[in-house]
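Note sheet for the following structure.
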Amino acid sequence: MEKFTIHTGTAVPLRRSNVDTDQIIPAEYLKRVTRSGFEDGLFVAWRKDPQFVLNQPQYKAASILVAGADFGTGSSREHAVWALQNYGFSAVLSSRFADIFRGNSLKSGLLTVILPEGEIEAIWEQVEKNPATVISVDLVARQVRYEEKILPFEIDDYTRWRLMEGLDEIGLTLQHSAEVADFERKRATFKPVTLTN
Amino acid sequence: MATTLAQKVWEDHVVHRASGEPDLIYIDLHLIHEVTSPQAFDGLRIAGRKVRRPDLTIATEDHNTPTIDIDKPIVDPISKIQVDTLRKNAKDFGIRIHSLGDVEQGIVHVVGPQLGLTQPGMTVVCGDSHTSTHGAFGGLAFGIGTSEVEHVLATQTLPSAKPKMMAVNVEGVLPAGVTSKDIILALIAKIGTGGGQGFIIEYRGSAIRALSMEARMTICNMSIEAGARAGLIAPDETTFNYLKGRDHAPKGADWDAAIAYWKTLKSDDDAHFDLQVDLPADSLAPFVTWGTNPGQGVALNGVVPNPADIKDEAARNSAERALVYMDLKAGTPMKQIKVDTVFLGSCTNGRIEDLRSAAQVLKGAKVSQGVRMLVVPGSARVRLQAEAEGLHEIFLAAGAEWRQAGCSMCLGMNPDQLKPGERCASTSNRNFEGRQGKGGRTHLVSPLVAAATAIRGTLSAPADL
Ligand code: SF4
């Protein structure tokens, strides 16, 4: 996983709430066996509409998605996170995320940032006025900054550290391999195994 | 300190604990299927990692697989690639797999218990939200995302934050014709699809203890539809009797040691639950859904509710949208709703007892004209058992279709789908928009209601026949 410290880029205002994982990426795309190439399925139903915000040229280069409340509800499909990343998003700002989606995003290195609803509204207005507005999502300082604004956000120390170091959780857990081996030695012998030679 | 069953199982699996970090939990059994695993295996390959415990891992093909012509190649090329990928991954990493045509193939949550691999006090995970099914044996069973699948493959552990504890008490005796499916549908209607969010639910009380193992699995299966992380039931003689003699159940001295441990697995009398919900058994009745989430349900004797009567604004808006999608009018008696499809199957109600109870209703009767009924066993073993008992003959004589095992019409990923506008009485677990096929309409029901509905063509209970 790449280290995440400060991401600076422009933003897309997605003025919708309750965007569920079926809308982010529909079930028919889940048959793929890769982790890449999901960008074509991202918001695919909406993208048929030329007016849809992602289709507007002024937001083409944007790397930060600014969405309404309850983003990512529905199924546990991690493909929703990959679709956003494959498309080129590094961060999503919203006033509320669904639990599983947020968990999945922070495991895959897509930074999901929770800001008060009023601040999301203010960013929408700013970006709509000037799509070239540069926004910094600073994980080190736990701040989102644009123009004169400094908006603090919360994220637990452990997750922040893991993202900043670019450590995937597997790598971290493997540091505890000796403890896992210890645990395995003490496991009850009556527990089942799937392979019987 | 007094603890709950879920807390005991949790504590027994902590590998590493440090303040400010999630607990690292050991995983006893990892179930795999074709949809959520390919990218996890890819991740292992890229990082040059192995599967730590192939002997605690098992794979089966279920979501994408057809339920007819299973001896021929899978027609949908993309589904075929996904299934072939699972086969290759299993081979490359030394994992046991039950492929289409194999006698142990079936829906992942039917296969584990049936082999005796799911046992009390275990931690079980799978990249599928209905993994909660396995909690029926008194263990912790969670659905996980693909990154977590990779994590478990590589380390046999999972970093997890401890959920809160909820008790659902069902005391008393269930009225005749009321099944465990009705209990869980009534519970979700009561607490809502978010009511269990952040909790593990323990189902307790005399009505739960009186249920068979398979009926318990139906309840735990749908814990996720209430938003809960997991659901579980303390093991007892019913659990032990179910397990005894199964392929992977402990044998000899191991069996005695296992029983001694399993008997300790219950919540202490004074254990603290963060939330308690009472659902008196004698207040329950056959339950069906009218809307587009599993919480939108009423008693079968009831009527389609009027959204205007719903106080909460978000719930009212969602009910209004649901009635439009379902093409239903407020005030319509549920029993007047006509269906054109009946689906009996899924990891919720695709086990042998479910088929038996439906067959009993259908015996000597005919599926109503214009209604198509699909009977899909949850596993190849269930299918064989049903055939040994002659159940398939009852279904076929009634005019139903008798299929091969798989997820089938539970979700629109394989060829068994509803067409736009079709209405289905389904024994599965999700009635979301488009879940059974684009534009399809789903009413969640028990196997008894499914069978009676097939005969009458309108939502019905066996008592209406
Ligand atoms: S039967 Fe339905 S709910 Fe169960 S595993 Fe298959 S698709 Fe999921």
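Counting only other chains, what is the mean number of Cβ atoms within 10 angstrom of the Cβ of each residue in peptide B:88-100?
Taking the mean over all residues of the peptide, I get 1.
So if the hydrodynamic radius of the protein assembly as shown is defined as the Kirkwood radius over C-alpha pairs, what does Stokes-Einstein give as its diffusion coefficient at 25 °C and 0.890 mPa s, in µm² per second? Display every interim value, and only then the final one.
Numbers: Rh = 25.6 Å.
Calculated translational D: 96 µm²/s.
Where a ≥ b ≥ c are the square roots of the eigenvalues of the C-alpha gyration tensor, would you call the stretch B:162-281 rounded, which needs a/c under 1.5, or, failing that, prolate if a/b is larger than b/c, or oblate?
prolate
Under the rule of at least 5 residues apart or a separate chain, name every residue whose amide H is placed under 5 Å from the amide H of B:THR442.
HN-HN under 5 Å from B:THR442: B:CYS424.
Ranking B:SER147, A:SER95, B:SER428, B:SER283 by Cβ neighbours within 10 Å, fewest first, what do you get?
Starting with the residue having the fewest Cβ neighbours, the order is B:SER283, A:SER95, B:SER147, B:SER428.
Per-residue Cβ counts within 10 Å, from other chains only, averaged over B:38-47: what number is that?
For this peptide, the per-residue mean of nearby foreign Cβ atoms is 3.
State the percent of C-alpha pairs, over all pairs in the stretch B:296-462, separated by a distance greater than 22 angstrom.
Working: 5615 of 13861 pairs.
Value for the stretch B:296-462: 41 percent of Cα pairs lie more than 22 Å apart.
Could you work out how far apart the two model spin labels at B:ALA463 and B:LYS419 are, taking each label as a point 7 Å from the Cα in the direction of the beta carbon, and quote it in nm?
3.6 nm
Taking the Cα centre of the stretch A:4-165 as origin, work out the dipole magnitude from +1 charges on Lys and Arg Cβ and -1 charges on Asp and Glu Cβ, in debye rounded to 20.
Values: 18 positive and 21 negative charges, 94 e Å.
Using Cβ point charges on Lys, Arg, Asp and Glu, the stretch A:4-165 gives about 460 debye.
Of the DSSP beta bridges with both residues in the protein assembly as shown, give the percent that are antiparallel, rounding to the nearest 5.
30 percent
If you bin every alpha carbon distance in chain B into 10 Å steps from zero, what whole percent lands in each bin?
4, 21, 31, 27, 13, 2, 0
Using the per-residue mean of other Cβ atoms lying within 10 Å as a proxy for protection, in what order, highest first, do the peptides A:128-134, B:191-197 fall? Let's see the in-between values first.
Details: A:128-134: 12.6, B:191-197: 19.0.
Averaged packing, sorted descending, gives the order B:191-197, A:128-134.
Fewest first, what order do B:THR341, B:THR155, A:THR10 take by the number of other Cβ atoms within 10 Å?
A:THR10, B:THR341, B:THR155
Give me the percent of DSSP beta bridges within the stretch B:3-158 that run antiparallel, rounded to the nearest 5.
Of the beta bridges lying entirely in the stretch B:3-158, close to 25 percent run antiparallel.
Using the count of nearby Cβ atoms within 10 Å as a rough guide to exposure, how do A:THR189, B:THR146 rank from fewest to most?
Lowest to highest Cβ neighbour count: A:THR189, B:THR146.
Quick one: putting +1 on the C-beta of Lys and Arg, -1 on the C-beta of Asp and Glu, what dipole do you get for the stretch B:3-158 around its Cα centre, in Debye to the nearest 20?
400 debye
What does the highest-first list of A:78-85, B:174-181, B:268-275 look like by mean Cβ count within 10 Å?
Sorting A:78-85, B:174-181, B:268-275 by mean packing, highest first, produces A:78-85, B:174-181, B:268-275.
Would you mind telling me the antiparallel percentage of the DSSP bridges in the stretch B:296-462, rounded to 5? Spell out each step's value before the answer.
Working: 2 of 15 bridges.
Counting DSSP beta bridges with both partners in the stretch B:296-462, the antiparallel share is about 15 percent.
For the stretch B:291-377, which trypsin sites (Lys or Arg not before Pro) are in a loop by DSSP, counting at most 15 other Cβ atoms within 10 Å?
Answer in residue order: B:LYS311, B:LYS329, B:LYS363, B:LYS366.
What's the FRET efficiency of A:ASP40 with B:ALA47 using the Cβ-Cβ distance as r and R₀ = 25 Å, to the nearest 0.05?
For A:ASP40 and B:ALA47, the calculated efficiency is 0.40.
Holding the Cα-Cα limit at 23 Å, pick out from A:LYS186/B:LYS88; B:LYS190/B:LYS438; A:LYS48/A:LYS149; A:LYS129/A:LYS149; A:LYS3/B:LYS162; B:LYS311/B:LYS438 the pairs that are longer than that. Spell out each step's value before the answer.
On the way: A:LYS186/B:LYS88 33 Å; B:LYS190/B:LYS438 28 Å; A:LYS48/A:LYS149 35 Å; A:LYS129/A:LYS149 16 Å; A:LYS3/B:LYS162 27 Å; B:LYS311/B:LYS438 31 Å.
Table pairs above 23 Å Cα-Cα are A:LYS186/B:LYS88; B:LYS190/B:LYS438; A:LYS48/A:LYS149; A:LYS3/B:LYS162; B:LYS311/B:LYS438.
For A:27-38, what's the mean count of beta carbons from other chains sitting within 10 Å of each residue's beta carbon? Don't jump to the answer; show the numbers that get you there.
Details: counts 7, 4, 1, 8, 14, 7, 15, 4, 8, 2, 0, 0.
Mean inter-chain Cβ contacts per residue within 10 Å come to 6.
Out of residues 5 or more away from A:VAL66 or on other chains, whose amide H comes under 5 Å of its own, with H placed 1.01 Å from N in the peptide plane?
Excluding prolines and chain starts, which carry no amide H, the hits are A:VAL12, A:LEU14, A:LEU93.
Which one, B:MET413, B:ASN317, B:PRO113, projects farthest toward the positive side of the charge dipole computed for chain B from Cβ point charges (K/R +1, D/E -1)?
B:MET413
Using the Cα centre as the reference, give the magnitude of the dipole from point charges on the C-beta atoms of the stretch B:346-465 (Lys, Arg: +1; Asp, Glu: -1; all else neutral), rounded to the nearest 20 debye.
The dipole of the stretch B:346-465 has a size of about 260 debye.
Show the residues, 5+ positions off or on another chain, whose built amide H is closer than 5 Å to the amide H of B:GLU61.
Distant-sequence amide H within range of B:GLU61: B:HIS98, B:LEU100, B:GLY106.
Laboratory data are not the source of any read-out in this text; all were calculated from the coordinates shown. What you see is a predicted model, and the numbers here were worked out from it, not measured in a lab. Cβ atoms come from the backbone with ideal geometry, glycine included; neighbour counts cover every protein chain shown.
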